[in-house]
Amino acid sequence: MEQLNAWFTDLLAGNAIFTANTLGFYWDGLVTTVQLVFLCLVLGIVLAVPLAIGRGSKRPWIKWPIYLYTYVFRGTPLLIQLYLVYYGVVFFDGIQDSIFWVVFKQAFYPALIAFTLNTAAYTTEIFHGAIKNTAKGEIEAARAYGMSKPLMMRRIILPSAFRRALPAYGNEVIFMLHASAVASVVTIMDLTGAASYVYARFYAPFAAFSFVAVIYLCLTFSIMFCFRKLEKRLLAHLRPRGA
Amino acid sequence: MKKLLTTSLLGATLIAGAVQAQDAEQLRIGVDVPYEPMEYRTPDGELTGFDIELGNAMCEQINAECEWVVQAWDGIIPGLMARKYDAIMSSMTINDERRQTVLFSDPYIKPPSAWFAADDSGIDAVYPQTLEGKTIGVQRGTLQDNYVTDNYGDVADISRYTTADDLVLDMDAGRIDIAFLDFPVGKSTLLDSEDGNYVTVGDMISEPAEYFGEGFGIAFRQRDEDLAERFNEALATLQENGTYDEIYEKYFKNHE
């Protein structure tokens, strides 16, 4: 570790801004951003699958509340949702003494809640669209086999819907990564937070922000690469033959 | 005959004027208000504050009559160059950039920073031991942020806010235990707030210069070296005879 440190210091000799110390800030920021985005995406999917199924339900008391939820969360800026969850909750009397305060005291969990609700709303709509687009023939064939509705959902509709939703969902993941930059306004030291810190400390906006932009670019490209691979595998049956 | 009379009259007026100038020199000082507690107006419109009182005391010391000229910050140095006033005493931080244009007196104050906490926080002194595991709030990228990051970054969590208002919201909410702010900022947002009961903790901090800068100076036109020198002497005298401390205590006393 010490050797690594010495090597770093050597490498960065004469550079006032990118010292081992500030790179440490960027590294912590990267870890926080990846954690935050990954967790909110996982929780978002868990929420979105049942919601997407419910959104296509014929029963109005299931369908409309879900529609209202996705409408509100897709219709308002993420920054506002974050402010509401982070600064809004403290106006509930006595929250500081309740068990919820463990969650709301730090900045991380309110941000995670806001991000999860936001991405779940978008993912619900993406999945709902994919489910609705299931080919009529597949459903008729499943019925002909005498499948019950839940079985049909599990075996026929959902697997093919997931595949069709993949490209759109890949975009949502990238959007979420970019949107996570707003976390820095509630004191979270994510990548953008680290960049703002370095900017404010050294008055070097260009260096601080272009460096962080490159990190975001690398993240985005790795996500895109994974989704391309996945699409190639899972959507192989949709590719034109022989190419 | 008439011409002679006019000339002698004119001469007499000039001499009289010169004598009067020696009597009590007229000086004008530019200031931008409000910036509590450095310079602001009382409810009945009178200028007051640390700069104003110290400035008046210095003028008295050098036997000058001083008049304060209120000037917005943007035009405060051009106003000095245009001879709208002879000096600027308006919480102006000494730095090399300004030194190219104006001549600074010795620093007359280093703006203090202070620790603020709720009166029932249980923190009664500030050391790395007492802040262990606490959350410290600062404004991002300020000199207070740099100081706290370097000195307490290992033992405490640091929450960095874009504005002081965001910080105060989280202080009220109980998310941060203690804040380290510019004293004037903390006084107006925390000590004078009606929502919470806040106190300063420990001493005010304005050293080392590596973090807290060179301090505030009085700015003069480059060629007025004599005037700057007289103000420096006056400042030294006031610091020796206790007048300075008296004024300092009045505006920066600890609110326990």
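Computed from the coordinates by the stated procedures, all read-outs in this text should not be read as laboratory data. Note that the coordinates shown come from a computational prediction; the quantities given were computed from them, not determined experimentally. Virtual Cβ from ideal backbone geometry, glycine too; neighbours counted across all protein chains shown.
Amide H contacts under 5 Å for B:C66: B:L27, restricted to partners 5 or more places along the chain or on a different chain, H placed in the peptide plane at 1.01 Å from N.
Place a label point 7 angstrom from the Cα of A:T76 along the Cα-to-Cβ direction, then list the residues of region A:87-123 whose backbone nitrogen is under 17 Å away. What the label zone holds, given the 17 Å backbone N cut-off, is A:87-92, A:110-122. Of all DSSP bridge pairs formed entirely within the protein assembly as shown, close to 55 percent run antiparallel.
How would chain A be classified by its alpha-carbon gyration tensor: rounded, prolate or oblate, with rounded meaning a/c under 1.5 and the a/b versus b/c comparison settling the rest? Because a/c hits 1.5 or more and a/b fails to exceed b/c, chain A counts as oblate. In terms of surrounding Cβ atoms within a 10 Å radius of their Cβ, A:E172, B:E25, B:E194, A:E138 rank from fewest to most as B:E194, A:E138, B:E25, A:E172. As a rough footprinting exposure proxy, the listed residues A:T134, B:T42 were ranked by other beta carbons within 10 Å of their own, and the order from fewest upward is B:T42, A:T134. Of the beta bridges in region B:113-210, as assigned by DSSP with both residues counted there, near 60 percent are antiparallel. Loop-located trypsin sites (Lys or Arg not before Pro) in region B:209-247 (DSSP state other than H, G, I, E, B) with a sparse environment of at most 10 neighbouring Cβ atoms within 10 Å: B:R223. Ranked by how many other Cβ atoms sit within 10 Å of their own Cβ, fewest first, the residues B:E36, B:E249 fall in the order B:E249, B:E36.
Summarising the amide proton neighbourhood of B:D86: residues at separation of 5 or more, or on other chains, whose placed amide H is nearer than 5 Å comprise B:R28, B:I29, B:G30. Close amide H contacts of B:Y161 (hydrogens built in the peptide plane, cut-off under 5 Å, sequence separation of 5 or more or a different chain): B:V138, B:Q139, B:R140. Other protein chain C-beta atoms within 10 Å of residue C-beta, averaged over B:159-165: 3. Peptide B:171-179 has a mean shielding of 4, counted as Cβ atoms of other protein chains within 10 Å of each residue's Cβ. Note on chain B: Rg/Rh from C-alpha atoms, Kirkwood Rh, equals 1.11. Quick check: the distance between the Cα centres of region B:123-168 and region A:131-146, to the nearest angstrom? Taking the Cα centre of each part, region B:123-168 and region A:131-146 sit 61 Å apart. Mean per-residue shielding of peptide A:193-206 is 2, counting Cβ atoms of other chains within 10 Å of each Cβ.
Net charge of the neighbourhood of B:T163, taken over other residues with C-beta under 14 Å away and scored Lys/Arg +1, Asp/Glu -1, is -3. Restricting region B:21-126 to trypsin sites (Lys or Arg not before Pro) that sit in a DSSP loop and have at most 10 other Cβ atoms within 10 Å of their own Cβ leaves B:R83.
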